[in-house]
Amino acid sequence: MASPIITLQPLSAYTFTTKAPQPEEDPSVSARLQRLQNNYEDFGMRRSTEAVLLVHEHGHPHVLLIQVASSFWKLPGDYLRPGEDEIQGLSDRLDERLMPDDGMDGGEESGRGGWDISDCIATWWRPSFETFMYPYIPPHITKPKECKKLYLVQPPPKATFAVPSNLKLLAIPLCDLYDGSNRFGAQLAAIPHLLSRYQFVCQD
């Protein structure tokens, strides 16, 4: 069976800029977990979607990651509103997080990122109001507190990405993620494994 093919655009096809800073909703990890607990009591399990955005540099796949402060890394995306569709919600979150505020994205359509959202490549579960997430539901857990899905997303052939000035959007080589569980965490370090079934074609 042939491997699915992913066409990667060069990193040089994209322009990176900044926009107004985005204040953190929570001043600490404990505050974030407390907010998760409060929302769970009101709305039930949180649903989150994040994007694995791929480009290439010198023929090697890179993943676009958001760096928060100096030591925390995350994929672009966020949690969904109750009842919100996963694909549309992820597209909206990517527009909010990565598109310039004036809506000019470098493509033909103003205000739309032109995201090609395809496969769901991973599902992670938060069993309790703690930081740990697992790629399965532990057998003793009947009511997980969060479900996070990672989608493979191809960005448009050319675009301008704008992130809040207090964040950074960086292209990280797959090889760095593979060897970087201590730096990036288990979820991001698993991405090279998840992508191993794909064949990459690098555009000039």
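The values are calculated or read from the model by the stated rules, or taken from the named source; none is laboratory data. Just so we're clear, the structure is a prediction, and the values are computed from it rather than from any experiment. All Cβ positions, glycine included, derive from the backbone under ideal geometry; neighbour counts span all protein chains shown. Accessible surface areas use protein heavy atoms only, side chains included; no ligands, DNA or RNA. Shrake-Rupley method; radii C 1.70, N 1.55, O 1.52, S 1.80 Å.
Summary of values
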item: Dipole of the range 43-171, positive end: most advanced residue of PRO139, ALA122, LEU152 [Cβ charges, Cα centre]; result: PRO139
item: Largest-first ordering by accessible area, 1.4 Å probe, given options GLU96, GLU24; result: GLU24, GLU96
item: Eligible lysines near LYS148 by straight Cα distance, threshold 17 Å, same-chain separation 8 or greater; result: LYS74
item: With Cα atoms, 0 to 90° folded angle of helix 29-43 axis to the chain main axis; result: 70
item: Heavy atoms of ILE141 accessible to a 1.4 Å probe, total area in Å² rounded to 10; result: 40
item: Accessible surface of the chain, 1.4 Å probe, proportion on carbon and sulfur as whole %; result: 51
item: Derived scalar couplings ³J(HN,Hα) [the range 157-172; Karplus, 6.51 cos²θ - 1.76 cosθ + 1.60; whole Hz; x for Gly, Pro]; result: x, 9, 6, 10, 9, 10, 10, x, 5, 8, 10, 10, 10, 10, 8, 10
item: Built amide H within the under 5 Å cut-off of ASP78, gap 5+; result: THR49
item: GNM top mover of SER91, SER48, SER118 - the chain, alpha-carbon springs below 10 Å; result: SER118
item: Rounded to the nearest 20 debye, dipole of the range 15-139 from Cβ charges on Lys, Arg, Asp, Glu; result: 520
item: Accessible area expressed per residue, the chain, with surrounding protein chains retained (probe 1.4 Å, Å²); result: 54
item: Probe 1.4 Å, all protein chains present, accessible-area order of MET99, MET1, MET45, largest first; result: MET1, MET45, MET99
item: Residue-averaged [θ]222 nm for the chain, counting only DSSP H segments that reach four residues, each worth -39500 (n - 2.57); result: -5500 deg cm²/dmol
item: Relative contact order of the chain, pairs being alpha-carbon contacts under 8 Å that are 6 or more residues apart, as %; result: 33
item: Mean Cβ neighbour count within 10 Å, used as a protection proxy, ranking 55-64, 145-154, 76-85 highest first; result: 145-154, 55-64, 76-85
